[in-house]
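Taking it in order: structure first as structure tokens, then the write-up.
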Amino acid sequence: MSRADVLVSADWAEENLNTDGVVFVEVDEDTSAYDGGHIAGAVKLDWKTELQDQVRRDFVNKEQFEALLSAKGIGNDDTVVLYGGNNNWFAAYAYWYFKLYGHDSVKLLDGGRKKWELDGRELSKDSVSRPATSYTAKDQDLSIRAFRDEVVAAIGTQNLVDVRSPDEFSGKLLAPAHLPQEQSQRGGHIPTALNVPWSKAANEDGTFKSDDDLRKLYIDEAGLDTGKDTIAYCRIGERSSHTWFALHELLGEPNVKNYDGSWTEYGSLVGVPIELGA
Amino acid sequence: MCGAPAQTPTIPTGIDLTKETVIYGVVSKGDAAVPAAYVRLLDSTGEFTAEVVTSATGDFRFFAAPGEWTLSVMHKDGNGRREVSAPEPGLVEASIVLN
């Protein structure tokens, strides 16, 4: 797999807004962003109400995902181009989620909404509707999703990559600083985890750094052991999807999982070890 | 639109300002507030901590912690940067004018 298979540039996106078989999908944390202006023709996915089960703490199941994509007008053969705010955090999360359910052709728009806006490219407020499809998902590919027991077992044996900011890693902050800090769980990080903030993988305009820079960052500087499997985590699994994308999709590291339970789950578990400080 | 900084930020209900350190302000250029500017909060080592987009009135807000911080702003019409000291929890106003 190469970078061109998984990332598209803003120029490519602009040239392919009306290409048959290409569907643009915006995914944001602030789900009102889409309504204020989106890429022309893009449909909206709400990560909280549409990608999460509304009762259990888990993803929607295969049948729900099939119904969702069918209603959005996304077909199995479509190339899905994902983008969003927060430097593509939730778009990367959706990318990983589409891969989890086996969608074949998914790409991220490099730089997401931010680069698009900084470039002064056009946004549309027109409502978008696509004819419904009959989407078929695969069973979840659990080779890319980690659960809590595997994470505890990975302490000291696999690469654990904590992609939160240094202040969250150390326990000084409990959430990214655009959110209130009072939380129920403890602060800190999983013992033996490397701290490689997701932001180090991105340029200031939100685009991904080059493969050479990424390799240098994770392997040479942070000491990621490429002979071992890797689990990435953050607070709720969205920033770690960004890092999962960098490691698994851009660098081609074979065994990388995203722990979507992340610190909100781990930091609330009874009896597990926690480390504080840098 | 008035370019004067908001005197108090919009804070969600239930936020305890004796515990939260809220760094807030308005991004402006000339006399006008700048919506859709990307504001980054960097920690005392210059490392990225969070990023928000300014509202229609140019407002931004972070929930940080006591310490030394830097704000860095990107917008298609200009950039800006300033340092912020937050000695204790509470409100810290830190508006930014784009160059």
Considering residues that are among the small types (Gly, Ala, Ser), buried (at least 17 other Cβ atoms within 10 Å of the Cβ) and touching a strand residue (DSSP E or B) at 6+ places or on another chain (Cβ under 6 Å), the number found within the stretch A:203-234 is 1
Is it the case, given these coordinates, that A:Gln64 is free of Cβ contacts under 8 Å to residues at least 40 places away in the same chain, in a helix (DSSP H, G or I) and farther than 21 Å from B:Ala36 by Cα?
yes
Picked from the stretch B:47-70 (must be small (Gly, Ala, Ser) and more than 20 Å from B:Val97 (Cα to Cα)), the residue farthest from the other protein chains (Cβ to nearest Cβ) is B:Gly67
Looking for something free of Cβ contacts under 8 Å to residues at least 40 places away in the same chain and within 14 Å of chain B (Cβ to nearest Cβ) - is there at least one such residue anywhere in the stretch A:127-146?
no
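Can you pull out every residue in the stretch A:235-278 that is among the acidic types (Asp, Glu), open to solvent by 10 Å² or more (accessible area, probe 1.4 Å) and under 16 Å from the mean Cα position of the chain (by Cα)?
A:Asp260
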Matching residues in the stretch A:96-114 (more than 10 Å from chain B (Cβ to nearest Cβ) and open to solvent by 10 Å² or more (accessible area, probe 1.4 Å)) number 6
Going through the stretch A:138-156 in order, the residues found to be open to solvent by 80 Å² or more (accessible area, probe 1.4 Å) and not aliphatic (A, V, I, L, M) are A:Lys138, A:Asp139, A:Phe147, A:Arg148, A:Asp149
By residue number, the members of the stretch B:53-71 that are surrounded by 14 or more Cβ atoms within 10 Å (Cβ to Cβ), more than 9 Å from the chain's Cα centre (by Cα) and on the phi < 0 side of the Ramachandran plot are B:Val53, B:Ser55, B:Thr57, B:Phe63, B:Ala64, B:Ala65, B:Pro66, B:Trp69, B:Thr70
Given (1) at the interface with another protein chain (Cβ under 9 Å from one of its Cβ atoms); (2) more than 27 Å from A:Gly36 (Cα to Cα), B:Arg82 misses just (1)
Considering residues that are at the interface with chain B (Cβ under 9 Å from one of its Cβ atoms), surrounded by fewer than 19 Cβ atoms within 10 Å (Cβ to Cβ) and part of a helix (DSSP H, G or I), the number found within the stretch A:160-189 is 1
How many residues of the stretch B:84-99 are in a loop (DSSP other than H, G, I, E, B) and open to solvent by less than 70 Å² (accessible area, probe 1.4 Å)? The answer is 4
(1) touching a Gly at 6+ places or on another chain (Cβ under 7 Å); (2) open to solvent by 10 Å² or more (accessible area, probe 1.4 Å) all hold for A:Ser199 apart from (1)
Within the stretch A:1-54, residues at pLDDT 95 or above, loosely packed, with under 14 Cβ neighbours inside 10 Å and small (Gly, Ala, Ser) come out as A:Gly21
Of the conditions (1) touching a helix residue (DSSP H, G or I) at 6+ places or on another chain (Cβ under 7 Å); (2) more than 14 Å from every other protein chain (Cβ to nearest Cβ); (3) assigned to a loop (DSSP other than H, G, I, E, B), the single one that A:Asp225 does not satisfy is (1)
Within the stretch A:55-87, restricting to residues that are at pLDDT 95 or above and either closer than 27 Å to A:Lys209 by Cβ or within 14 Å of another protein chain (Cβ to nearest Cβ) (or both), the one that is most open to solvent (accessible area, probe 1.4 Å) is A:Thr79
The lone condition A:Glu122 fails out of (1) in a loop (DSSP other than H, G, I, E, B); (2) away from chain B (no Cβ under 14 Å); (3) out of contact with any Asp or Glu (no Cβ under 7 Å at 6 or more places or on another chain); (4) over 16 Å from A:Trp244 (Cβ atoms) is (2)
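The values are calculated or read from the model by the stated rules, or taken from the named source; none is laboratory data. Please read all numbers here as calculations on a predicted model, not as lab measurements. With ideal geometry, Cβ positions are generated from the backbone for all residues, glycine too; neighbour counts draw on all protein chains shown. Ligands, DNA and RNA are stripped out before the accessible areas are found, and what is left, the full protein with its side chains, is counted by its heavy atoms. Shrake-Rupley method; radii C 1.70, N 1.55, O 1.52, S 1.80 Å.
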